[in-house]
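Asker: Shown below is the structure under consideration.
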Amino acid sequence: MPPAISIFGAGSWGTALAIQAARNGSATMLWAHNPRHVADLNTDRQNRRYLPDKPFPANLAVTSNLKQAVEFGDILLISVPSHAFRDTLTAIKPMLDESPKIAWATKGFDGAEGALLSDVAADVLGHGAATAVLSGPTFAREVADDLPTALTVASISEPFAAELAGILHNQRFRVYTSTDIVGVQVGGACKNVLAIAAGIADGLGFGANTRSALITRGLSEIIRLGIRLGGQPDTFMGLAGLGDLILTCTDDQSRNRRFGLALGQGKSQSQALADINQAVEGISAARLTQTLAQKHLVEMPITEQVYNVLFNQLAPLQAVQNLLGRNPKSEY
């Protein structure tokens, strides 16, 4: 039998991963902090808010009991927003055994200085836990629909990466493994900032040329920062880098892209967030990526302009003009 897995966070992505693991044969438990939400999930046997009409497999259990979820899973997979990641690890720490296996599908940075989530995990859990990060070009709805998908699981422990991959991998869901846990995290966090930029450009009425340029030059920014933080160049040309960036910049299933579209069309941030009614990770990612860029002296002009739009009241059109007005330079 495959290992049992507990997934913490019953948003769209956590729910989709739970459905995938369960239909792949693993005993699966999905944890949510709100007992009323859990009651609805158990009654409806689907997540009507985030993934309506996607029934839960029979081997998918749902609970709001944190201790029950921790004790159920051989592997614990965290899928909460980045701002809740540290608190979730802190809450489960007293319930863990001596050598837990902890993975996360959360994309983003943590805290005022933009710590990698792997550093947060080491800080909270110590170094006795096996850890892994799961990232790549994935929309929750398409995973729940069982459409062909590929992503990356990265861990310093290659056996753990292979074990987690085995829980999720099948003919419709291809999982690659990597040891570059830093690069996979940087790609997953920074792409949300570029998705806001691409959305703004499209909201302003600019065309495919502009969007393509933003994606390409945005990838260069991610690579510069990622290498400075210890990532491997090849990672950023793979699923967790270029693949995720293309997906989130070009399809309106991306909340970050839709947020940027709304800003480009003249809506306020509060209006855009109210319309989306889910977490937009790119907002905090823009602030933290800008902090990291300044700290490590990495040039990230697109990120800087997105940051100024979000936090310094810069008009979106002026941000584009600032980018276009930069002096010519060599591409490489």
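The values are calculated or read from the model by the stated rules, or taken from the named source; none is laboratory data. Just so you know, these numbers come straight off a predicted model, no measurement behind them. Counting neighbours? That spans all protein chains shown, and the Cβs are built from the backbone with ideal geometry, glycine included. Side chains are part of the model used for accessible areas, which takes the heavy atoms of the whole protein and leaves out ligands, DNA and RNA. Shrake-Rupley method; radii C 1.70, N 1.55, O 1.52, S 1.80 Å.
Asker: So how do 180, 145, 123 rank on accessible area, 1.4 Å probe, biggest first, that is with the largest at the start? Walk me through the numbers on the way to the answer.
Answerer: On the way: 180 15, 145 60, 123 105 Å².
Listed by decreasing accessible area, they come as 123, 145, 180.
Asker: Say the dipole of the chain comes from +1 at the beta carbon of Lys and Arg and -1 at that of Asp and Glu; which of 296, 230, 325 then lies farthest toward its positive end?
Answerer: 325
Asker: For the chain, the longest stretch holding no GluC sites (Glu not before Pro) located in a DSSP loop with at most 15 other Cβ atoms within 10 Å is which? Each step should come with its number before you reach the end.
Answerer: Working: sites that count: 98, 113, 299, 331.
Answer - 114-298.
Asker: Take the Cα atoms of the range 5-179, find their three principal axes, and give me the spread along each one in whole Å, biggest first.
Answerer: 40, 35, 30
Asker: Using helices alone, I'd like the mean residue ellipticity at 222 nm for the chain: each DSSP H run of four-plus residues gives -39500 (n - 2.57), total over residue count, nearest 500. Mind showing how you got there, number by number?
Answerer: Numbers: 15 runs with 167 residues, N = 332.
Computed mean residue ellipticity for the chain: -15500 deg cm²/dmol.
Asker: State the percent of C-alpha pairs, over all pairs in the range 193-325, separated by a distance greater than 27 angstrom. Mind showing how you got there, number by number?
Answerer: Values: 1119 of 8778 pairs.
Everything past 27 Å amounts to 13 percent.
Asker: Which value, in Å³ per residue, describes the convex hull spanned by the Cα atoms of the range 119-186? Working shown, then result.
Answerer: Numbers: hull volume 6.3 nm³, N = 68.
Convex hull of Cα atoms, per residue: 93 Å³.
Asker: Between rounded, prolate and oblate, where does the range 273-332 land on the alpha carbon gyration tensor, with a ≥ b ≥ c its root eigenvalues, rounded for a/c under 1.5, else prolate if a/b exceeds b/c?
Answerer: Values: a/c = 2.45, a/b = 1.47, b/c = 1.67.
Oblate.
Asker: Which trypsin sites (Lys or Arg not before Pro) in the range 120-209 pass both tests, a DSSP loop state and at most 16 other beta-carbon atoms within 10 Å?
Answerer: Working: sites: 141, 172, 174, 191; in loops: 172.
Loop-located and lightly packed - 172.
Asker: Using Cα pairs under 8 angstrom and six or more residues apart, how large is the relative contact order of the chain, in percent?
Answerer: Working: 668 pairs, mean separation 47.4, N = 332.
Normalised by residue count, the contact order of the chain is 14 percent.
Asker: Would you work out the relative contact order for the range 127-258, in percent, from Cα pairs under 8 angstrom that are 6 or more residues apart? Intermediate values should be presented prior to the final figure.
Answerer: Values: 231 pairs, mean separation 38.5, N = 132.
Reported as a whole number, the value is 29 percent.
Asker: Next question. Taking the chain as a Gaussian network, Cα atoms linked when under 10 Å apart, which of 134, 147, 96 shows the biggest mean-square fluctuation?
Answerer: In the Gaussian network model the winner is 147.
Asker: Carbon and sulfur together cover what percent of the accessible area of the range 1-127 at a 1.4 Å probe radius? Walk me through the intermediate numbers first.
Answerer: Values: 2760 of 5470 Å².
That share works out to 51 percent.
Asker: Additional query: Probe radius 1.4 Å, ligands and nucleic acids left out: which of 1, 29 has the largest accessible area, and how do the rest follow?
Answerer: On the way: 1 210, 29 10 Å².
Sorted descending by solvent-accessible area, the residues read 1, 29.
Asker: I've got another one for you. If you average 1/r over every pair of different alpha-carbon atoms in the chain and take one over that average, what Kirkwood value in Å do you get?
Answerer: Numbers: mean 1/r = 0.0498 Å⁻¹.
For the chain, inverting the mean 1/r across all distinct Cα pairs yields 20.1 Å.
Asker: Let me ask another. What are the trypsin sites (Lys or Arg not before Pro) within the range 252-332 that DSSP puts in a loop, where the Cβ has at most 15 other Cβ atoms within 10 Å? Working shown, then result.
Answerer: Numbers: sites: 255, 257, 258, 267, 287, 295, 326, 329; in loops: 267, 326, 329.
In loop regions of the range 252-332 (DSSP not H, G, I, E or B), the sparsely surrounded trypsin sites (Lys or Arg not before Pro) are 326, 329.
Asker: If the only charges are +1 at each Lys and Arg Cβ and -1 at each Asp and Glu Cβ, what is the size of the charge dipole of the chain around the Cα centre, to the nearest 20 debye? List each step's numbers first, then the result.
Answerer: Details: 27 positive and 29 negative charges, 134 e Å.
The calculation lands at about 640 debye.
Asker: Just name one of 265, 62, 6: the one whose Cα is farthest towards the positive end of the charge dipole of the chain (beta-carbon charges, Lys/Arg +1, Asp/Glu -1).
Answerer: The Cα lying farthest towards the positive end belongs to 265.
Asker: Taking the Cα centre of the range 5-179 as origin, sum charge times position over the Cβ atoms of Lys and Arg (+1) and Asp and Glu (-1), and report the length of that vector in debye to the nearest 20. Please list the in-between numbers first.
Answerer: Working: 14 positive and 17 negative charges, 109 e Å.
Charge dipole of the range 5-179: 520 debye, to the nearest 20.
Asker: Under the rule of at least 5 residues apart or a separate chain, name every residue whose amide H is placed under 5 Å from the amide H of residue 78.
Answerer: Excluding prolines and chain starts, which carry no amide H, the hits are 8, 103, 104, 105.
Asker: Which helices, taking whole DSSP H runs in the chain, have alpha carbons extending 20 angstrom or more along the helix axis plus mean Kyte-Doolittle at least -1.0?
Answerer: Correct list, ordered by number: 181-203, 208-229, 281-295.
Asker: A further question follows. Going by accessible area, probe 1.4 Å, with all protein chains left in place, what is the ranking of 13, 104, largest first?
Answerer: Numbers: 13 40, 104 0 Å².
Most to least solvent-accessible, the answer reads 13, 104.
Asker: What figure, in Å² to the nearest 10, do you get for the accessible area of residue 83 with a 1.4 Å probe and non-protein molecules left out?
Answerer: Rounded to the nearest 10, that gives 150 Å².
Asker: What accessible surface, in Å², does a 1.4 Å probe find on residue 99, ignoring ligands, DNA and RNA and rounding to the nearest 10?
Answerer: Near enough 80 Å² of accessible area.
Asker: Over 29 Å between Cα atoms: which of 54/107; 295/329; 101/191; 54/93; 107/329 fall into that group?
Answerer: Details: 54/107 24 Å; 295/329 24 Å; 101/191 27 Å; 54/93 32 Å; 107/329 32 Å.
Going by Cα-Cα distance, 54/93; 107/329 fall outside the 29 Å limit.
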